[in-house]
Each structure stands twice: as structure tokens, then as C-alpha cells.
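Here is the structure we will look at, set down as C-alpha cells.
Only the coordinates and a few stated rules stand behind these numbers; no lab work does. Everything numeric in this text was worked out from a predicted model, so none of it was measured. Cβ sites come from the backbone with ideal geometry, for glycine too, and all protein chains shown count toward neighbours.
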Amino acid sequence: MKKIFFIVLSALAFNCFVPSAKVTAQTLPVGSNVLDDYYRREQLLGKVDSTVSFTIRPLFPVASLKIKDVFDPDSSLKADHWVQSGPISFAKGLGVFQILPLSWQQQYNSDHPYGWNDGAMIPAKGYQTMVSGGFFAKIGPLSVQLRPEFVYAANPAFNGFASGHTGQDLVNYYAYHNLIDWPERYGNSPYSKAFWGQSSIRLTVGPVSAGLSNENIWWGPGIHNALVLSNNAPGFKHFTLNTVRPIKTYIGSFEGQFIAGRLDASNFTPLEVTALPDGTNLFVPKRNDWRYFTGININYHPKWVPGLTLGYTRTFDAYHNDVHGFSSYFPFFTAYEKVISGVNGDPFPRDQVTSFYSRWLFTKAQAEVYFEYGLNDNSYNYNDFLGSPDHSRAYLFGFRKMLLLPGKNDQHVLFSAEITQLSQTIDRIVRDASGWYIHSTVRQGQTNQGQILGAGTGSGGNLQSMDVSWVSGLKKLGIGLERYEHNVDFYRTAFPDINGNSRKWVDFAFALNGEWNYKNLIFNAKFQEIKSLNYEWILKDYDPGKYYIPHNDVFNFHGELGVTFRF
């Protein structure tokens with residue numbers, strides 16, 4: 001691992017002095033409607049450099065994909081528009097200015113919260129909206145991107161966990177959720193908040209950029225989920241040192257990112273109910289200190305295997321007041337084996353996550369396969385790991401395939417599927433690894449402002465999804481199917497009496513999706529019907545002798561509607 005790290009640093013140092021007139025630090029924010037997935041589809045068609053991994057985002061399309069206008073990749077807007085758009089040069093070409101798209105996104109849940117990967121939006125019932133916009137300016141190596149976000153959610157009450165459970169069930173719930181900042185509801189009134197959003201200030205030289213940012217980050221090859229970092233939570237303030245395009249060397253190309261940032265608490269309790277009727281407190285207050293979060297993501301594209309990307313990530317999460325000294329702020333060479341680094345594996349309370357990933361692009365077949373395998377607990381030694389490699393593991397894998405429609409050179413059918421598995425294996429019986437993203441001493445867990453940094457399906461959540469879509473350029477129409485198991489690890493500990501009868505809370509969802517561009521506008525829509533079986537594990541008319549529990553299904557409608565105006 002150290003050799004790979006030093007190879008990358010050497011490549012960075014060499015390439016920093018290679019001039020590049022086209023390099024700019026303008027990013028495509030993670031989760032940008034329509035555009036975010038468009039570039040990845042174009043790569044399947046062989047129209048984008050195959051060494052760009054799409055495993056470290058936000059992307060820098062001008063630098064890595066040779067796109068002149070990030071928000072008009074197919075030049076359709078330049079040919080047909082109401083308002084002339086695109087970057088404006090000044091200072092004899094040394095400077096660039098662009099008004100960023102104005103985006104208005106709306107979301108609605110009819111019965112209870114559903115949905116993820118929506119950034120600063122919160123899990124909530126009812127209506128919710130987010131507005132964002134701003135500008136990008138660059139002169140020489142210095143660039144500023146200001147794109148704040150404002151969120152409003154009606155946030156009405158709904159039937160949550162406390163509405164259908166006993167006092168002992170509430171005790172069990174808090175025993176698990178006291179170890180993570182993951183509120184069921186964000187207070188008991190409408191929610192509104194402004195964020196820095198997708199804003200940054202950077203210095204970019206050659207293929208390397210460094211600066212301060214609040215942008216969402218996505219690490220790994222997943223599309224519906226990511227094990228370590230995604231846009232499920234609001235962006236957080238961080239320092240970043242990253243590549244803006246693949247760095248080519250004799251043995252292949254490299255991409256990488258180092259971040260060090262601040263994570264904040266939501267200041268909401270897990271449930272609105274915090275005590276039993278007899279006065280027994282359920283909620284244990286968490287430590288009042290922001291958390292220092294640092295991580296590294298490095299990937300390698302072998303010269304001899306076209307389309308293949310191999311990657312590695314490692315992150316650390318600790319209370320800021322506990323972090324002292326260089327090795328604490330930059331802990332990436334900390335030994336994995338607890339026998340070396342100490343029985344607890346850490347000199348002070350901190351949470352570690354590691355993942356390995358791969359993505360293999362087949363441009364001739366217009367397809368890709370990808371995989372990510374992560375660990376949230378260190379093994380005692382290598383023998384321990386070899387004897388139980390699935391201890392504390394999580395994984396995701398998926399594939400995509402484009403098929404050309406007969407007689408239609410610009411139209412395809414896109415097939416995709418992805419599986420995310422976060423619940424523990426049978427190894428938990430021998431040694432419990434606890435749930436992903438939760439921690440016994442850093443009790444906010446891997447979250448920012450109450451939302452999980454990684455997979456939006458949450459701790460112990462498993463997801464199987466499949467999509468079929470018609471695509472033509474920026475346009476896309478399709479259907480999607482999902483099966484979502486909620487927090488299996490909590491369920492197994494809280495309801496052992498029904499474990500053998502598989503009374504899990506499982507959602508089955510069917511969705512219609514659409515994306516369309518017209519002149520300066522980009523529209524996105526999603527209409528999803530969800531049937532929740534054993535919702536919140538509230539078991540009405542429970543009979544252990546029967547598989548089906550009547551009167552215990554909940555129907556929910558999840559809708560998304562957005563419009564983006566490109567200047």
C-alpha cells in the first residue's frame with residue numbers, strides 16, 4: 001500500500017509541471033440531475049476517455065472529459081436556446097466566468113419518509129423543496145464556485161416506531177440508535193435551512209487541485225449506493241487535495257483524493273419520545289464536539305487491462321478534541337492489525353472504514369460491471385482475517401448494459417441492476433461487529449447533520465434494484481424496481497422472538513422515471529409507489545404460526561419533480 005501511495009505522489013509531483021491550457025476547476029456537482037449520469041452513459045458508448053473511473057466525484061468535465069461547457073455537453077443548448085449560455089472569458093483568456101444553473105427540486109412522501117441521495121434534503125413525510133444556484137469564476141490557477149442551497153420541508157407527523165411498540169421495544173431501539181445520529185424525524189415543526197451547498201475555492205495546477213470545499217463527495221463505483229461517501233447527507237466543510245483528470249504513468253493511470261473535514265450533529269433525538277411513562281430516560285446525550293473526518297481514495301487503471309479500475313479507500317472519524325499530532329490528523333498508515341496497533345486498534349476513540357473496489361468498462365460491449373467490498377472493524381491479526389474475512393463486511397455490486405435500438409443510431413435501451421448488502425453475516429453469532437456507520441464511542445457514527453455519509457439505505461439496510469430505460473442523449477424514460485430491507489441488524493437484536501419467521505420490514509417499490517431537456521431547461525421526474533410490509537416492525541394481530549400478518553402493510557407514494565435552468 002505504501003509503494004502505491006508513493007508512486008501516486010511521484011506522479012502528481014511530475015505532472016504538476018506539465019502545462020495544460022484547458023484545465024479548469026469547475027465541477028459537476030454530485031447528483032446533478034440528468035447530467036451526472038449522462039457522462040457515465042457516454043463512456044459506455046465509447047465517447048468518453050475510458051481511464052476516467054467515475055469513482056471519485058464530483059467530476060471535473062472540462063479537465064477530464066475535454067468538455068467545453070460542463071452544462072451543455074452535447075452542444076444542443078448552443079444550437080437551440082432562449083438565453084445564450086456558457087462560460088465567458090475575460091482578462092485576455094486568463095479568466096472564466098459562468099452563471100451556474102438555477103435548480104428547483106421538489107419531493108413528496110404521502111405516508112412516511114422514503115428516498116435517499118438527495119443531499120441537503122431530509123427524510124420527511126409530506127412536501128419538501130430545495131433551491132440552488134450561483135456562479136463560477138476563475139482566473140489563472142485560482143477558482144471560486146459559489147452554489148448555496150436552501151431546503152424547506154413541511155415535515156408533518158407520521159406513524160413512527162414509537163406509535164406501535166411497547167416500552168421494552170423502545171429500550172431496544174435506543175440501545176442501538178443511541179450509537180448513531182440518525183433521527184427518525186427532524187423535530188416537530190416545519191424544517192428550513194440554508195447550506196453552503198456545492199461551493200468551493202481552489203488552486204488548480206496541471207492535473208492537481210487543492211482547496212476548501214463544501215461539495216458532496218461520492219467515492220466508489222456504485223450508482224444507487226456507495227459504502228463510504230455519497231450525496232445522501234448534506235455536503236460538509238473540508239480541505240481537499242485531488243486529481244482533476246487521470247495522471248498517466250508508464251504503468252497506467254492514477255486518480256486520487258485526500259480530504260480532511262468537519263462533521264456536525266443534527267441535535268435531534270432518535271425518536272420524539274425520549275422517556276418511558278414511568279420517567280425512565282431512553283436517550284443518552286451524545287458528546288458535544290464536532291468530529292474530524294479524514295479519508296483517502298486512490299485508484300489505479302492498469303495500462304495492460306483496458307477499462308479496468310482498482311481502488312482503495314480508508315477513512316477515520318473522531319471527536320476533534322481527541323485529535324492531536326501529525327499521526328492523528330494523517331492516520332492512513334495506521335496498522336490494520338489490532339495486535340500491532342493495540343487491543344482496541346486506536347490510540348483514542350475513532351471510527352475506521354476501509355473499502356476496496358473495482359470497475360471494469362467494456363466499451364465494445366457498451367457495458368460495465370463494478371464491485372465494492374468494505375470493512376468497518378479491524379481484525380486482530382491476519383490469521384483472524386483469513387479465518388473470518390466476512391466479519392464486519394458490507395458490499396455492493398452492479399452492472400449496466402446499453403443496447404442500440406435497430407435503425408436508431410442515437411437511441412439505446414439501458415439495463416442496470418445493483419445490490420447493496422450492509423447487514424451482518426452469520427459470523428455475528430460468534431462475534432458481533434455491530435451495524436455499519438454506528439460506533440460505541442464516537443456516538444454520532446458516520447453521519448453529517450443526522451444523515452449517513454455512505455449508503456442511503458442506512459445501517460443494516462439491504463437493497464436490490466433494477467432499471468430499464470430508453471435513452472437518447474440527455475433524454476431518458478424508464479421504469480425501476482426496488483426491494484429494500486430496513487436495518488436488519490437492529491431487527492435481529494430487537495425482535496429475536498420473530499426472527500425465525502422472517503417478519504422483516506421490507507419495501508417493494510415500482511417507479512416511473514423521466515429526464516428531458518428543452519432549450520435552457522432540464523426536467524427530471526420520478527413517481528414511485530411503495531408497499532411496506534411489516535412497516536416499522538409494528539406487528540398487528542401477530543400470530544407466530546402464520547407467515548403473513550394482516551393489517552400490517554402500508555402504502556406510500558414518493559414523488560420527485562425538478563426543473564433546472566441553464567444560463
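Find out how many positive minus negative residues lie around Tyr127, taking Lys and Arg as positive, Asp and Glu as negative, among other residues whose Cβ is under 14 Å from that of Tyr127.
Working: positive: Lys125; negative: Asp111, Asp118, Glu560.
Summing Lys and Arg as +1 and Asp and Glu as -1 gives -2.
Compute the signed sum of charges (Lys and Arg +1, Asp and Glu -1) over the other residues within less than 11 Å, Cβ to Cβ, of Leu463.
-3
Taking neighbour counts of Cβ atoms within 10 Å as a proxy for exposure, in what order, fewest first, do Arg291, Arg503 appear?
So the residues, fewest neighbours to most, are Arg503, Arg291.
Can you flag which of Lys78/Lys401; Lys66/Lys138; Lys248/Lys475; Lys138/Lys364; Lys193/Lys519; Lys78/Lys193 are past 28 Å Cα-Cα?
In this structure, Lys78/Lys401; Lys248/Lys475; Lys138/Lys364; Lys193/Lys519; Lys78/Lys193 lie more than 28 Å apart at Cα.
Just order 429-442, 214-227, 184-197 by mean Cβ neighbour count inside 10 Å, highest at the front, would you?
On the way: 429-442: 19.0, 214-227: 25.3, 184-197: 16.4.
The most tightly packed comes first, giving 214-227, 429-442, 184-197.
Amide H of Asn448 versus every other amide H placed in the peptide plane: which residues, excluding those fewer than 5 positions away on the same chain, fall under 5 Å?
Leu453
For Ser199, what residues show an amide H to amide H distance below 5 Å, using hydrogens built from the backbone and excluding near sequence neighbours?
Hits under the 5 Å cutoff: Arg147, Asn214, Glu215.
Which whole-percent values make up P(r) of the stretch 43-171 when all C-alpha to C-alpha distances are grouped in 10 Å steps starting at zero?
10, 25, 28, 20, 10, 6, 1, 0
Any chance you could check the Cα centroid distance between the stretch 423-437 and the stretch 130-178 for me, in angstrom?
27
Order 171-179, 133-141 from most to least packed using the mean count of other Cβ atoms within 10 Å.
171-179, 133-141
Once you list every other residue whose beta carbon is under 9 Å from the beta carbon of Glu485, what net charge do they have if Lys and Arg are +1 and Asp and Glu are -1?
+1
Can you give me the orientation-averaged projected area of the convex hull built on the Cα atoms of the stretch 2-565, in nm²?
27.0
Using alpha carbons only, how many degrees (0 to 90, rounded to 10) separate the axis of helix 167-177 from the longest principal axis of the chain?
Its long axis makes an angle of about 30 degrees.
For Leu561, Leu463, what ranking results if the residue with the fewest other Cβ atoms within 10 Å of its Cβ goes first?
By the 10 Å Cβ count, ascending, the order reads Leu561, Leu463.
Quick one: 3J(HN,Hα) in Hz for the stretch 127-144, Karplus 6.51/-1.76/1.60 with θ = phi - 60°, rounded, Gly and Pro as x.
8, 8, 9, 9, 10, 9, x, x, 8, 10, 9, 9, 9, x, x, 8, 9, 10
How tilted is helix 35-44 with respect to the longest principal axis of the chain? Cα atoms for both, answer in degrees (0 to 90, nearest 10).
70
Taking the 0 to 90 degree range and rounding to the nearest ten, how far is the long axis of helix 2-15 tilted relative to the main principal axis of the chain, both from C-alpha atoms?
Helix 2-15 and the main axis of the chain meet at about 30 degrees.
What is the order of Phe60, Phe555, Phe356, fewest Cβ neighbours within 10 Å to most?
In order of increasing Cβ crowding within 10 Å: Phe555, Phe356, Phe60.
Please list 3J(HN,Hα) in residue order for the stretch 357-373, calculated via the Karplus relation 6.51 cos²θ - 1.76 cosθ + 1.60 where θ = phi - 60°; whole Hz, with x for glycine and proline.
9, 8, 9, 10, 9, 10, 5, 5, 8, 6, 8, 8, 10, 8, 7, 9, 10
Rule-of-thumb check for the stretch 160-284: C-alpha Rg over 2.2 N^0.38 Å? Intermediate results must be reported in sequence, preceding the final value.
Details: Rg = 20.7 Å, N = 125, 2.2 N^0.38 = 13.8 Å.
Normalised Rg, Cα atoms only: 1.50.
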